[in-house]
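The structure appears right after this line, and notes come after that.
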Amino acid sequence: MDEIEVPTHFLCPISLQLMRDPVTISTGISYDRDSIEKWLYSSKNKACPVTKQALHDSGLTPNHTLRRLIQTWCTLNVSHGIQIIPAPNPPIHNTQIAKLLNDATKLPETRFKCLATLRSITLEEGERNRSCLEASGAVEFLVSIIKRDDSTLLQAENNKGSEFIKASDEALSIFYDIKVSRSCLRSIISNDEVFVTYLVQVLENGNHKSRAYATMILKDLFQVADPTQLINVKSELFAQLVRALSDDVSQQATKAALKLLVELCPWGRNRIKAVEGGAVFVLIELLLGTSETRASELALIVLGQLCGCAEGRAELLKHGAGLAIVSKKIFRVSHGASNMAVRIISSISKFSATSRVLQEMLEVGVVRKLILVVKVDSNSKRKERAREMLKLHSRVWRNPACIPCHLLSSYPS
């Protein structure tokens with residue numbers, strides 16, 4: 001395609017790529033359907049990208065003439081490596097989905113066909129299709145199947161062939177793939193506590209794939225929750241999130257669980273609930289076993305939140321590698337991770353510094369790392385925090401036998 005010049009009027013003004021499904025908006029400008037749908041539905045833009053005119057009508061009219069011209073041009077230039085563009089599928093309409101959902105509600109035997117159709121719609125990347133699913137009640141339909149724990153076995157195709165899965169598990173994965181809007185998620189978490197309860201049950205009893213989807217959906221739900229809902233989270237959710245982290249359900253689910261804990265822990269007694277659920281031990285084990293930057297950052301953020309309470313600090317000190325792995329992450333992950341690691345050590349040194357703890361910090365290399373921060377770190381806040389800790393415990397730590405000479409000279413006086 002690099003060997004031949006594409007006519008400029010065949011290119012989408014947004015993506016600057018050859019249009020596969022050209023549509024025209026009310027200003028008379030044509031765009032590729034996927035690009036303009038993302039502009040209108042995902043980004044919530046209400047103006048024409050080219051003319052900047054306000055769009056009072058967001059309807060998209062297929063430009064059949066332009067599409068035929070593009071297809072003819074592609075056919076004539078196949079020898080130059082141009083691929084023939086197939087005819088696009090007609091866009092789905094709310095009424096079609098509503099009828100499908102209505103039939104599936106009245107006739108349970110049509111549920112398989114309904115889920116298969118919803119799955120095929122979600123696989124198409126058009127933003128309009130996803131908006132139609134939400135507007136036609138598909139989200140509520142999926143929620144009802146998930147809550148019912150429908151155990152009907154459905155045959156689903158995948159890249160390895162086919163497999164039999166529960167209807168409720170298929171509904172769970174479709175719900176996640178739809179990428180439900182924040183307003184719809186807010187409505188669900190405000191009006192349907194049973195759904196959240198069931199997702200926690202999936203975390204407890206579901207297979208690995210369903211537990212991963214449940215974790216990611218819970219993360220999305222609580223990101224739009226109000227403070228009252230965040231404060232009143234039950235202990236069982238923390239226990240199951242910790243279990244999901246321990247079982248390493250999937251990399252994506254691990255990050256979702258960590259993000260959810262970051263969202264929940266600052267509220268009410270949630271730090272205590274997380275500590276009682278075993279979060280500190282699992283977070284330390286995660287830090288010991290991962291070299292992935294974002295997972296390490298999130299784990300340190302949660303650990304820092306939990307060390308804001310006495311129970312969290314006590315649990316970290318119970319773990320034989322707690323102090324060592326936190327100090328090891330300084331300078332080895334990212335700027336943010338180093339900040340959080342120093343903050344965790346600062347919390348321990350201020351509020352939990354028994355003689356045994358101070359001696360352990362000396363033996364496992366925490367003190368040497370703090371001196372290194374003072375000596376070479378360019379971050380003034382981190383350096384000042386390390387300096388304060390070293391001054392606070394200088395009587396115990398300023399021991400030439402335990403600190404290398406090249407570092408001892410940098411010990412703050």
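The values are calculated or read from the model by the stated rules, or taken from the named source; none is laboratory data. The structure presented is a predicted model; accordingly, all values stated were derived computationally and were not measured. Positions of Cβ are backbone-derived with ideal geometry, glycine not excepted, and every protein chain shown enters the neighbour counts. In case anyone asks, the SASA skips ligands and DNA or RNA and just uses the protein heavy atoms, side chains included. Shrake-Rupley method; radii C 1.70, N 1.55, O 1.52, S 1.80 Å.
Please list, ordered by residue number, the helices (runs of 4 or more DSSP H) wholly in segment 205-290 having 1 or more residues that are open to solvent by 50 Å² or more (accessible area, probe 1.4 Å) and of a type in the set (A, V, I, L, M).
227-231, 279-289
Mind listing just one residue for me: the one in segment 54-69 that is surrounded by 14 or more Cβ atoms within 10 Å (Cβ to Cβ) and polar (S, T, N, Q) and, of those, farthest from LEU18 (Cα to Cα)?
Restricting to residues being surrounded by 14 or more Cβ atoms within 10 Å (Cβ to Cβ) and polar (S, T, N, Q), the top hit is SER58.
If we keep just the residues of segment 375-409 that are at pLDDT 90 or above and in contact with a Pro (Cβ under 7 Å, 6 or more places away or on another chain), which is farthest from SER327 (Cα to Cα)?
Here the residue is LYS391.
Read through the list (1) part of a helix (DSSP H, G or I); (2) surrounded by fewer than 23 Cβ atoms within 10 Å (Cβ to Cβ); (3) under 22 Å from the mean Cα position of the chain (by Cα), then give the number of the only condition that ARG356 fails.
That leaves (3) as the condition not met.
With respect to the numbered conditions (1) more than 27 Å from ILE178 (Cα to Cα); (2) without any contact (Cβ under 8 Å) to a residue 60 or more places away in the chain; (3) in contact with a strand residue (DSSP E or B) (Cβ under 9 Å, 6 or more places away or on another chain), which one is the sole condition not fulfilled by PRO49?
Among (1) more than 27 Å from ILE178 (Cα to Cα); (2) without any contact (Cβ under 8 Å) to a residue 60 or more places away in the chain; (3) in contact with a strand residue (DSSP E or B) (Cβ under 9 Å, 6 or more places away or on another chain), the lone unmet condition for PRO49 is (1).
When the residues of segment 297-346 are narrowed to those that are under 15 Å from LYS369 (Cα atoms) and not in a helix (DSSP H, G or I), which ends up least open to solvent (accessible area, probe 1.4 Å)?
The selected residue is ILE330.
For ARG368, state whether it is modelled with pLDDT under 95, among the charged types (D, E, K, R), in a helix (DSSP H, G or I) and surrounded by fewer than 23 Cβ atoms within 10 Å (Cβ to Cβ).
yes
PRO22: open to solvent by less than 30 Å² (accessible area, probe 1.4 Å) and in contact with a Ser or Thr (Cβ under 8 Å, 6 or more places away or on another chain), yes or no?
yes
Quick test for you: out of ALA244, ALA239, pick the one residue that is more than 15 Å from ALA299 (Cα to Cα) and at pLDDT 95 or above.
ALA239
When the residues of segment 70-118 are filtered to those that are open to solvent by 90 Å² or more (accessible area, probe 1.4 Å), of a type outside the set (Ser, Thr, Tyr) and part of a helix (DSSP H, G or I), which remaining residue is modelled with the highest pLDDT?
Across segment 70-118, the extreme among qualifying residues is LEU76.
Consider ALA171 carefully, then state whether it is among the small types (Gly, Ala, Ser), more than 29 Å from the chain's Cα centre (by Cα) and either at pLDDT 85 or above or assigned to a helix (DSSP H, G or I) (or both).
For ALA171, the condition - among the small types (Gly, Ala, Ser), more than 29 Å from the chain's Cα centre (by Cα) and either at pLDDT 85 or above or assigned to a helix (DSSP H, G or I) (or both) - is not met.
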